[in-house]
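The values are calculated or read from the model by the stated rules, or taken from the named source; none is laboratory data. The structure displayed is predicted, hence computed values, not measured ones. Positions of Cβ are generated from backbone atoms using ideal geometry, with glycine treated the same way; all protein chains shown enter the neighbour counts.
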Ligand SMILES: C[S@@+](CC[C@H](N)C(=O)[O-])C[C@H]1O[C@@H](n2cnc3c(N)ncnc32)[C@H](O)[C@@H]1O
């Protein structure tokens, strides 16, 4: 399956991305990730590596997946030990039986072309017994999420945002079982899920 190649917006802003967006949202999910140093972690939509910075040393090995080569290039310069993967969430290039203990997508899912296909792919490559995923997204029904949705619409980024309820429905359709959902701040929430 071929999706829009590549997301030109991120190709173009990649040199400015770290300057424009400075916070580290992953700090807010470190506890939830329960890393012991033995986990294989996949970040989908890793971009420049902003959201992996605080957890890279806590995992056994990290895969950084993104369809934007210029974004991924920056991530790899910062984290040369991570495994770069130039690909889309909707078509993960991992064979059957190749599993990840943790899969995260931070500020990324709303950019995917097909969120259900992406979640189905997460379900496919998630370790069956103790593996889980964490999706961090903006809630469009809250002020911050509504603002980000409006900005991205203005820039014609083609984003699709989901409320926590809609996100649960999407996960269920992908055969993922929700473990927990919680707000990280006034407009950002996480959804933790595992295989059924
Ligand atoms: C706002 S950035 C977030 C990057 C990083 N997670 C962070 O928090 O800084 C969104 C990223 O999603 C990537 N992306 C867009 N479409 C995607 C898709 N279909 N599959 C995976 N990643 C995608 C973009 O290339 C971009 O790097």
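Residue under question is residue 31, and the condition is that it be more than 12 Å from the ligand (Cβ to nearest atom), part of a helix (DSSP H, G or I) and either at pLDDT below 95 or crowded, with 21+ Cβ neighbours inside 10 Å (or both); does it hold?
yes
Is region 123-142 home to any residue that is surrounded by 16 or more Cβ atoms within 10 Å (Cβ to Cβ), under 17 Å from residue 28 (Cβ atoms) and out of contact with any strand residue (DSSP E or B) (no Cβ under 7 Å at 6 or more places or on another chain)?
Yes - at least one qualifying residue is present in region 123-142.
Please state which of the following conditions residue 48 fails to meet, knowing it meets all the rest: (1) within 11 Å of the ligand (Cβ to nearest atom); (2) under 20 Å from residue 132 (Cα atoms); (3) touching a helix residue (DSSP H, G or I) at 6+ places or on another chain (Cβ under 6 Å).
Answer for residue 48: the failing condition is (2).
In region 24-55, how many residues are under 16 Å from the mean Cα position of the chain (by Cα) and either at positive phi or without any contact (Cβ under 8 Å) to a residue 24 or more places away in the chain (or both)?
The total comes to 3.
Looking at the structure I just gave you, is residue 61 more than 19 Å from residue 118 (Cβ to Cβ) and at pLDDT below 95?
Answer is no for this residue.
Looking only at region 118-155, count every residue that is free of Cβ contacts under 8 Å to residues at least 60 places away in the same chain and touching a helix residue (DSSP H, G or I) at 6+ places or on another chain (Cβ under 9 Å) and tell me the total.
Number satisfying all stated conditions: 12.
Counting just the residues of region 5-28 that are in a helix (DSSP H, G or I) and out of contact with any helix residue (DSSP H, G or I) (no Cβ under 9 Å at 6 or more places or on another chain), which one comes out farthest from residue 118 (Cα to Cα)?
19
Does any residue of region 74-89 turn out to be within 8 Å of the ligand (Cβ to nearest atom) and within 19 Å of residue 159 (Cβ to Cβ)?
Yes, the conditions are met somewhere in region 74-89.
Among the residues of region 93-114, which ones are buried (at least 17 other Cβ atoms within 10 Å of the Cβ) and more than 9 Å from the ligand (Cβ to nearest atom)?
99, 100, 101, 102, 103
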